[in-house]
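Worksheet: one structure, shown below.
The values are calculated or read from the model by the stated rules, or taken from the named source; none is laboratory data. For clarity, every value in this text was computed on a predicted model and none was experimentally measured. Cβ coordinates were reconstructed from backbone atoms using ideal geometry, including for glycine residues, and neighbour counts include every protein chain displayed.
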Amino acid sequence: MNKRNFIKCSIFSAFYFSLCPIHLSFAETKKIINKNLTETQKKIMFDEKTERPFSSPLNYEKREGFYHCANCDAKLFKSNSKFDSGTGWPSFTEALPGAFKTKVDYSFGMKRTEYHCAKCGAHHGHVFDDGPGKSGKRYCNNGLCLVFKPTT
Ligand SMILES: [Zn+2]
């Protein structure tokens with residue numbers, strides 16, 4: 001191997017090994033577990049689409065309980081962190097510990113923080129820093145990604 005090719009190769013390897021593990025690990029954990037997901041749910045959870053605002057009945061859910069991932073059933077939010085943000089999507093001030101992983105999303109020319117289920121990788125929504133609670137967070141979640149299970 002001549003020197004130039006060696007340099008090219010080294011740069012390529014460094015690039016490959018620095019970026020690919022992140023990509024691979026994300027793709028590996030992203031999988032459909034619930035075979036009954038609708039096409040719309042799949043579009044949101046696996047293509048990061050967003051449901052129409054004010055379309056989810058969960059906007060009006062006020063009972064005590066837990067919100068689970070519609071794909072893998074992981075517990076994500078407790079009802080006492082839910083609040084009415086007026087945005088038309090179910091909104092929460094905090095998630096249960098370890099429920100989500102985040103990544104920065106640059107789509108639509110905006111810098112936003114996307115979050116996905118830590119267990120199955122399904123996209124759920126975006127988290128903003130303008131929440132009303134102590135955490136200052138606002139989790140803006142697609143209702144179709146959630147299943148509410150009341151405790152009372
Ligand atoms: Zn999940």
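Values as computed for the structure displayed
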| quantity | calculated |
| --- | --- |
| Search result, residues across region 52-74 that are of a type in the set (S, T, N, Q) and within 16 Å of the ligand (Cβ to nearest atom) | Asn71 |
| Condition broken by Glu48, with the remaining ones in (1) charged (D, E, K, R); (2) within 16 Å of the ligand (Cβ to nearest atom); (3) modelled with pLDDT of 95 or more satisfied | (3) |
| Residue satisfying condition, being modelled with pLDDT of 95 or more, over 16 Å from the mean Cα position of the chain (by Cα) and among the charged types (D, E, K, R), within set Lys3, Lys35 | Lys35 |
| Val147, sole failed condition from (1) within 16 Å of the ligand (Cβ to nearest atom); (2) β-branched (Val, Ile, Thr); (3) buried (at least 18 other Cβ atoms within 10 Å of the Cβ) | (3) |
| Identity of the residue in region 121-143, under 22 Å from Lys35 (Cα atoms) and within 10 Å of the chain's Cα centre (by Cα), that ends up nearest to the ligand (Cβ to nearest atom) | Ala122 |
| Qualifying residues in region 75-89 (those that are buried (at least 18 other Cβ atoms within 10 Å of the Cβ) and within 16 Å of the ligand (Cβ to nearest atom)) - the one farthest from Thr151 (Cα to Cα) | Leu76 |
| Residue match in region 83-97 (condition: more than 18 Å from Thr50 (Cα to Cα), of a type in the set (S, T, N, Q), modelled with pLDDT of 95 or more and touching a Leu at 6+ places or on another chain (Cβ under 9 Å)) | no |
| Positions within region 120-147 being outside any strand (DSSP E or B) and in contact with a helix residue (DSSP H, G or I) (Cβ under 8 Å, 6 or more places away or on another chain), in sequence order | Cys120, Gly121, Ala122, Gly133, Asn142, Gly143, Leu144, Cys145 |
| Residues within region 50-71 that are under 13 Å from the mean Cα position of the chain (by Cα) and over 12 Å from Gly143 (Cα atoms), tallied | 1 |
| Output for region 93-119, where each listed residue is assigned to a strand (DSSP E or B), away from the ligand (no atom under 16 Å from the Cβ) and among the acidic types (Asp, Glu) | Asp105 |
